[in-house]
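Visitor: Sharing a structure here in structure tokens format.
The values are calculated or read from the model by the stated rules, or taken from the named source; none is laboratory data. The shown structure was predicted, so the numbers you read here are calculated from the model rather than taken from an experiment. Using ideal geometry, Cβ is built from the backbone for each residue, glycine included, and neighbour counts are taken over all protein chains shown.
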Amino acid sequence: MYKKWWIKYAWHLLAIGLLLVALAGLFVDVMDVDASQYASISMEMWQDGSWLQVMHRHADYLDKPPLLFWSSAASYAVFGLSNWAYKLPSLLAALLGVFAVYQFTRLYYAQATARRAAFILASAVGLLVICNDVRTDTLLLGTSAAAVWQLATYLQNRRWIHLVGAFVFIGLAMLAKGPIGLVMPALAAGTHVALRRDWRDIFRWQWLPGLLLTALVLAPMCWGLYQQFDLHPEKTVNERNGVSGLYFYFWEQSFGRITGENVWKNDTGPLYFTHVYAWAFLPWPLLLLLALWQSLKGLWQKRFRLGTAEEGFAIGGFLLTFVALSLSKYKLPHYIFVTLPWAAVLTARYLDHIVGLADPAPRKWAAGALRLTIGLMCALAALLLFWVFKPQNVLIPVLFLAGLAVFYLLRGDSPEHWVQQGVWASVLALFILNVHFYPQLLPWQSTSAAAHYLKDQRVPPEKVTWYLRHGHAFDFYTRAITHKHENIEEMVEYAGNHPEFYVYTNEEGMGLMQEYGLNFKVEKKFDHYQAALLRPQFLNPATRISSTEPRLLLKVEGLKRVAF
């Protein structure tokens, strides 16, 4: 009886599990550097009401487009300033991406394939991680996936509503991350048209009003950039004068990373994103390799020509975008997450392919590859739970061990069972990350820990400063843009005019303050670690303290009296 019940409701229960572990991540503190910076910029936008001209610590900001700031600031306005209000728009964008993948896959494949594609994307570790450690890429992933879905639907039925939807989503994708929001859907649709030899679709006049619609979506941002930067060439922005905000946005920030015009370079090699996928697409990366091989082999056999019932969006959206991003001279792991939806579609359709084969070998390879990654994920989750940080609540290991027993219910030798097993592995892994690991990791981030302490002590933000050391989480959790001291002379002058205030600093800063005669006491000492940069020395409990840096919260009470 229980088996029949489980089979009937398995997908519903897995969806609830994924949603619950994703929701748990909303309440975890934001991490320095990027997520906390974007959270504080959104806070500043909400507090100052400067929606078109983005500011960061009261200075002109020119880096990321404004959609993340707009959506998070709007969320603050509705729900108040909190972790979950900041992260909520990104979680909704991730859900949009999953929905778009389901709807897109349903256009060309069976409903079961579409469901598997949606669950493969929803359970990818990388997607679930960036719903917690929020970047602009979560919004890009959701809106660009929706754009491709709407483009594919329009090319099938020629209805204007889908053309409008496609170019509105392209505009939103560009507001999220820049021109890649147009490039990725264009690569996906262009590949599809080329493989189908539907050359007339390239020159459709309807694309022109569509692009005008995208321009309309971009107009508020462009007006803000023009007013903030292009009208003020005298401004110094990113250590340069005469910077055009429009040129930076439409060319330098994206294409300039390939041409070398962009100042950001980290000399990553062209294969950098291959090892990113090894963890970001868990538990599916080995299946993706098999899927890519099968897709490219099939295209070669068909002489790169698809039939009228086949699609080329997924291979173009994944492979060409992967290659284009790999050419950049500056790469970070989350840049490649825009391709996750199309990796999910390729993997789901590969599972369909091997079911119909007479040779059982591909099925065995696929099942073995997935079981290997599932076993690795569960082992790593257990390591985080029982070794890296000891559980503070006995219920967490009990639930984890009970969760392992659920694999018994998911046993089977079909793509349906394999995907369910992989999804459950992600639920268990993200449960450990969002309920156990991150809540114990983030207290080591002293920029947020110190701000929480000040809030608990009811210290008003105007009485808080920092010197030599800072983190954007400090601004976010003090609920204000914290006053900073550039040098010790400024600190001495400030102490002469303020009878009492608090300073967040390090041991070097405390030594200079003592040398220059400031009267203070140590309010609180923290062992600080950069939470986003995990290293073995920190993860090992025996060497953890040696990998931290002392940070201090000092209460300053003016200058010492000097006797003559």
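Visitor: Specify which of the listed residues (A100, A73) is at pLDDT 95 or above and closer than 18 Å to G224 by Cβ. I'd like the intermediate steps shown before the answer.
Guide: On the way: A100 fails: closer than 18 Å to G224 by Cβ.
A73 is the lone residue from the list that is at pLDDT 95 or above and closer than 18 Å to G224 by Cβ.
Condition check ((1) in contact (Cβ under 8 Å) with a residue 60 or more places away in the chain; (2) assigned to a helix (DSSP H, G or I); (3) not charged (D, E, K, R)) across all residues:
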position	(1), (2), (3)
Y277	yes, yes, yes
L282	yes, no, yes
F304	yes, no, yes
K329	yes, no, no
V338	yes, yes, yes
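For (1) at negative phi; (2) within 14 Å of the chain's Cα centre (by Cα); (3) buried (at least 19 other Cβ atoms within 10 Å of the Cβ), each residue gets a yes or a no:
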position	(1), (2), (3)
L52	yes, no, no
L62	yes, no, yes
A74	yes, no, no
V78	yes, no, no
S82	yes, no, no
S90	yes, yes, yes
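Visitor: What do you reckon, is L370 touching a Phe, Trp or Tyr at 6+ places or on another chain (Cβ under 7 Å), under 26 Å from I16 (Cβ atoms) and in contact (Cβ under 8 Å) with a residue 60 or more places away in the chain? Can you show your working first?
Guide: On the way: touching a Phe, Trp or Tyr at 6+ places or on another chain (Cβ under 7 Å): yes; under 26 Å from I16 (Cβ atoms): yes; in contact (Cβ under 8 Å) with a residue 60 or more places away in the chain: yes.
Answer is yes for this residue.
Visitor: Taking the residues in segment 188-233 that are polar (S, T, N, Q) and closer than 20 Å to L52 by Cβ as candidates, determine which candidate is nearest to the chain's Cα centre (by Cα).
Guide: T214
Visitor: Shifting gears a bit: So which residues in segment 56-90 are in contact with a helix residue (DSSP H, G or I) (Cβ under 6 Å, 6 or more places away or on another chain) and without any contact (Cβ under 8 Å) to a residue 12 or more places away in the chain, if there are any at all?
Guide: The answer is F79, and nothing else.
Visitor: Going by the conditions given, is A480 out of contact with any Phe, Trp or Tyr (no Cβ under 6 Å at 6 or more places or on another chain), part of a loop (DSSP other than H, G, I, E, B), outside the structural domain of A35 (by TED's automatic domain parsing) and surrounded by fewer than 21 Cβ atoms within 10 Å (Cβ to Cβ)?
Guide: Working: out of contact with any Phe, Trp or Tyr (no Cβ under 6 Å at 6 or more places or on another chain): yes; part of a loop (DSSP other than H, G, I, E, B): yes; outside the structural domain of A35 (by TED's automatic domain parsing): yes; surrounded by fewer than 21 Cβ atoms within 10 Å (Cβ to Cβ): yes.
Spelling it out, A480 is indeed out of contact with any Phe, Trp or Tyr (no Cβ under 6 Å at 6 or more places or on another chain), part of a loop (DSSP other than H, G, I, E, B), outside the structural domain of A35 (by TED's automatic domain parsing) and surrounded by fewer than 21 Cβ atoms within 10 Å (Cβ to Cβ).
Visitor: Is segment 51-67 home to any residue that is more than 28 Å from H485 (Cβ to Cβ), assigned to a helix (DSSP H, G or I) and not small (G, A, S)?
Guide: yes
Visitor: Another question about this same structure. Which helices (runs of 4 or more DSSP H) does segment 401-477 wholly contain that include 1 or more residues that are β-branched (V, I, T)? I'd like the intermediate steps shown before the answer.
Guide: Numbers: elements: 415-431, 438-441, 446-456.
Result: 415-431, 446-456.
Visitor: Next question. When you look at R158, is it surrounded by fewer than 21 Cβ atoms within 10 Å (Cβ to Cβ) and either modelled with pLDDT of 95 or more or among the acidic types (D, E) (or both), yes or no?
Guide: On the way: surrounded by fewer than 21 Cβ atoms within 10 Å (Cβ to Cβ): yes; either modelled with pLDDT of 95 or more or among the acidic types (D, E) (or both): no.
Answer is no for this residue.
Visitor: May I pose another question? Can you list residue pairs whose Cβ atoms sit under 8 Å apart, with the first residue in segment 522-533 being in the same structural domain as R544 (by TED's automatic domain parsing) and the second being surrounded by fewer than 19 Cβ atoms within 10 Å (Cβ to Cβ) and of a type in the set (G, A, S)? Count only pairs 6 or more apart in sequence or on different chains.
Guide: Pairs found: Y529/S547.
Visitor: Got at least one residue in segment 482-495 being farther than 18 Å from Y529 by Cα and under 28 Å from the mean Cα position of the chain (by Cα)?
Guide: Applying the first criterion (farther than 18 Å from Y529 by Cα) to segment 482-495 yields 482-495.
Adding the requirement that they be under 28 Å from the mean Cα position of the chain (by Cα) leaves 482.
Yes, because at least one residue in segment 482-495 is farther than 18 Å from Y529 by Cα and under 28 Å from the mean Cα position of the chain (by Cα).
Visitor: Here's something else I'd like to know. Looking only at segment 335-354, decide whether some residue is closer than 30 Å to V183 by Cβ and in contact with a Lys or Arg (Cβ under 6 Å, 6 or more places away or on another chain). Working first, answer last.
Guide: As a first pass, look at segment 335-354 and keep what is closer than 30 Å to V183 by Cβ: 335-353.
Filter once more, keeping what is in contact with a Lys or Arg (Cβ under 6 Å, 6 or more places away or on another chain): 348.
Looking for residues that are closer than 30 Å to V183 by Cβ and in contact with a Lys or Arg (Cβ under 6 Å, 6 or more places away or on another chain), one finds at least one in segment 335-354, hence yes.
Visitor: Hey, another quick one. Would a scan of segment 41-50 turn up a residue that is of a type in the set (V, I, T) and either on the phi > 0 side of the Ramachandran plot or part of a loop (DSSP other than H, G, I, E, B) (or both)?
Guide: Checking segment 41-50: not a single residue is of a type in the set (V, I, T) and either on the phi > 0 side of the Ramachandran plot or part of a loop (DSSP other than H, G, I, E, B) (or both).
Visitor: Of all the residues that make up segment 430-477, how many are surrounded by 17 or more Cβ atoms within 10 Å (Cβ to Cβ), under 18 Å from Y86 (Cβ atoms) and among the charged types (D, E, K, R)?
Guide: 1
Visitor: So how many residues does segment 513-563 have that are part of a loop (DSSP other than H, G, I, E, B), surrounded by fewer than 17 Cβ atoms within 10 Å (Cβ to Cβ) and among the hydrophobic types (A, V, I, L, M, F, W, C)? Please lay out each step first, then the result.
Guide: Within segment 513-563, the first condition is being part of a loop (DSSP other than H, G, I, E, B), and the residues that meet it are 516-517, 529-535, 540-544, 548, 560-563.
The next check asks that each one be surrounded by fewer than 17 Cβ atoms within 10 Å (Cβ to Cβ); those that pass are 516-517, 532-535, 540-544, 548, 560-563.
Imposing the further condition that a residue be among the hydrophobic types (A, V, I, L, M, F, W, C) reduces the set to 532-534, 542, 562-563.
So the count comes out to 6.
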